[in-house]
Amino acid sequence: MEHGVKVATEEEIRIWCRICRAEDQIPDLVATVRAIQTMYQELRRQTRAGMKRLMRAPVPLYERTRRFRIYEHNVIPGLFQTPAYARAMLTFWFGFLDAPNDLDEAVDARMDRQRVIHSRGKRFDVLLEEQALRTWFGTADVQAEQLERLLTVMSHPHVSLRIIPLMIERPCVASTGFWIYDDAMVTLETPTASLEVTRPREVELYTRMFERLATVARKGQAARELVLDVLGELHRH
């Protein structure tokens, strides 16, 4: 184990922690072992059979999650995207990842995932940076349609959607978007890979980051006014 030839088993971790009187470390270390093989998932490998498969992969996770905490800084979350917005956004990734072009099927799969919004007993707490409202995918008309869709989503009883304005004093800045599933897992994406974080202490840190960001986010009518302001700019454009 010291030379990296073998990975410790969960039972070996429990025994070693008991010997060292460090039982409090067991949950994090066990979670680390379970995540070693799956934590870093290369997007090019995942999309070799097309993007549709990648779009369907999270469905079981969505179905078992009760509370979603979603933070995005420059894109509207996939659960709330219109078909045209999703199509414009996904088009880039086919060429970038050299993936087989199954765009129609991928968009359909992404739209199909949105059924989870209407499932009973689920809660969606969403934080968006104002920049996400202003980052275009496609034409101005596509972006305007997307913002109108966002206004509809904001009225959904299971969705709390708050927006962090651009020009404010803020307590922190998150370096990337992230999704927290209950208190069990965090996922985030880089341009080349998706990451899954399951160590309890790391998940707790993402939760703390989410809560700090939320302290300066606008909600309710104030959030709607931000969307309407950007929508008005698009119509004038």
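The values are calculated or read from the model by the stated rules, or taken from the named source; none is laboratory data. Worth saying up front: this structure is predicted, and the values here are computed from it rather than measured. Heads up, the Cβs are rebuilt from the backbone with ideal geometry, glycines too, and the neighbour counts pull from every protein chain shown.
Conditions tested, residue by residue: (1) polar (S, T, N, Q); (2) modelled with pLDDT of 95 or more; (3) over 20 Å from V75 (Cα atoms).
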position	(1), (2), (3)
E148	no, yes, no
L151	no, yes, no
I180	no, yes, no
L188	no, no, no
A193	no, no, no
E196	no, no, no
R199	no, no, yes
A217	no, yes, no
D229	no, yes, no
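Scanning the range 1-54 for residues being closer than 30 Å to P83 by Cβ, modelled with pLDDT of 75 or more and basic (K, R) gives a total of 3.
Out of curiosity, is D28 farther than 21 Å from R149 by Cα, part of a helix (DSSP H, G or I), in contact with a helix residue (DSSP H, G or I) (Cβ under 6 Å, 6 or more places away or on another chain) and not assigned by TED's automatic domain parsing to the domain that holds T190? The answer is yes for D28. Beta carbons closer than 6 Å, at least 6 apart along the sequence or on distinct chains, pair a first residue in the range 1-20 that is in the same structural domain as V33 (by TED's automatic domain parsing) with a second that is of a type outside the set (A, V, I, L, M) for C17/E23; C17/Q25. The single residue among E129, E145 that is in contact (Cβ under 8 Å) with a residue 40 or more places away in the chain, crowded, with 19+ Cβ neighbours inside 10 Å and charged (D, E, K, R) turns out to be E129. Every condition in (1) outside the structural domain of V142 (by TED's automatic domain parsing); (2) under 28 Å from R212 (Cβ atoms); (3) of a type in the set (D, E, K, R); (4) in contact (Cβ under 8 Å) with a residue 12 or more places away in the chain is met by E72 except one, and the failing one is (1).
Could you check the range 155-170 and list, in sequence order, the residues that are surrounded by 10 or more Cβ atoms within 10 Å (Cβ to Cβ) and either outside the structural domain of E72 (by TED's automatic domain parsing) or part of a loop (DSSP other than H, G, I, E, B) (or both)?
Of all residues in the range 155-170, those surrounded by 10 or more Cβ atoms within 10 Å (Cβ to Cβ) come to 156, 158-166, 168, 170.
Passing the criteria: H156, H158, P165, L166, I168, R170.
For the range 160-200, what are the residues that are among the hydrophobic types (A, V, I, L, M, F, W, C) and within 15 Å of the chain's Cα centre (by Cα)? If the condition is that a residue be among the hydrophobic types (A, V, I, L, M, F, W, C) and within 15 Å of the chain's Cα centre (by Cα), then L161, A174, F178, W179, I180, A184, M185, V186, L188, A193, L195, V197 are the ones that fit. Residue pairs whose Cβ atoms lie under 7 Å apart, separated by 6 or more positions or on different chains, with the first residue in the range 82-94 and over 11 Å from A106 (Cα atoms) and the second in a helix (DSSP H, G or I) and among the polar types (S, T, N, Q), are T82/Q146; Y85/Q146.
When the residues of the range 85-115 are narrowed to those that are of a type outside the set (K, R) and closer than 22 Å to E129 by Cβ, which ends up surrounded by the fewest Cβ atoms within 10 Å (Cβ to Cβ)? Only one residue tops the list, namely F92.
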